[in-house]
1. How about Lys123: which aspartates and glutamates have a C-alpha closer than 12 Å to its C-alpha, ignoring those fewer than 8 places off in the same chain?
2. In deg cm²/dmol and to the nearest 500, what is the mean residue ellipticity at 222 nm of the chain if only DSSP H runs of at least 4 residues count, each as -39500 (n - 2.57), divided by the residue total?
3. Need the list of aspartates and glutamates near Lys163 for cross-linking: C-alpha distance under 12 angstrom, and skip anything on the same chain fewer than eight residues off.
4. For Lys4, list the aspartates and glutamates whose Cα falls under 17 Å from its own Cα; do not include residues on the same chain fewer than 8 positions away.
5. Counting other Cβ atoms within 10 Å, which trypsin sites (Lys or Arg not before Pro) in region 64-155 have at most 14 and lie in a DSSP loop?
6. Sum up the charges of everything whose Cβ sits under 10 Å from the Cβ of Ala8, counting Lys and Arg as +1 and Asp and Glu as -1, but leave Ala8 out.
7. R0 = 41 Å: FRET efficiency of Thr73 with Asp175, Cβ-based, nearest 0.05?
8. Please list log₁₀ I(q)/I(0) at q = 0.19 Å⁻¹ for region 1-127, using the Debye equation with identical point scatterers on the alpha-carbon positions.
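Just so it is clear, none of the values below were taken in a lab; they were calculated from the coordinates. This one's a predicted model, so the numbers in the text were calculated from it and none came from an experiment. Positions of Cβ are backbone-derived with ideal geometry, glycine not excepted, and every protein chain shown enters the neighbour counts.
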Amino acid sequence: MTRKVKIAVAGTHSTGKTTFMEDLERRMIDAGLNVAYVHDSAAEARAAGFPILRNHTFESTAWLIAQAIRLETVAALEADVILIDRPVPDAFGYLIAALRTTGRSVDQDRLSRLEAICEAWVKEYDLIFVTRLDTNIPIGPGRDNDHVFRAAADEAVAEVLLKLAPEHRVLASADSGHAMELAMRVASGK
């Protein structure tokens, strides 16, 4: 099996990740590319009984990381291009934000193990974007309205990507056309 192209978008909630990925998916399909879209698994984690967002734990983060790896790997069986809404390091950033905003802690050895998994897996991505919080854009309907945690997640995810994937690109809504073109070039091997 040949290596598949993986394009990912990380960032705090309601910053345009899904909108960008859905537009990119449509454009890639229209261009004749064989695409799979791996969606965020937070709702599935919550349904399974894991705490999320401000209440993230080591266990919920480990589950989200394992689920992302599983879904990305399964998608590679059928598609040539895999679009990932919330790549593996995103979950680790959310855990860091949860710990910071609640004053909780996790044993450093356990945190280091999660980070090591993220560091190893991040090499699987051909292109990683990170959105940044723009407080002028309202939170989408039905989304978590905890502004303190949302800002903390924005900072923590950006920090994690800066450390683990320094070549990532910032995805700004004003520059989404350029990001779309870059993603199309990466997907088509140009």
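1. Glu167
2. So the calculated ellipticity at 222 nm is -17000 deg cm²/dmol.
3. Leaving aside aspartates and glutamates fewer than 8 places away in the same chain, those within reach of Lys163 are Glu115, Glu119.
4. Counting by Cα, and skipping residues close in sequence, Lys4 has these aspartates and glutamates nearby: Glu25, Glu72, Glu78, Asp80, Asp85, Glu124, Asp126.
5. Filter output for region 64-155: Arg104, Arg143.
6. After counting each charged neighbour, the total is -2.
7. 0.85
8. -1.05
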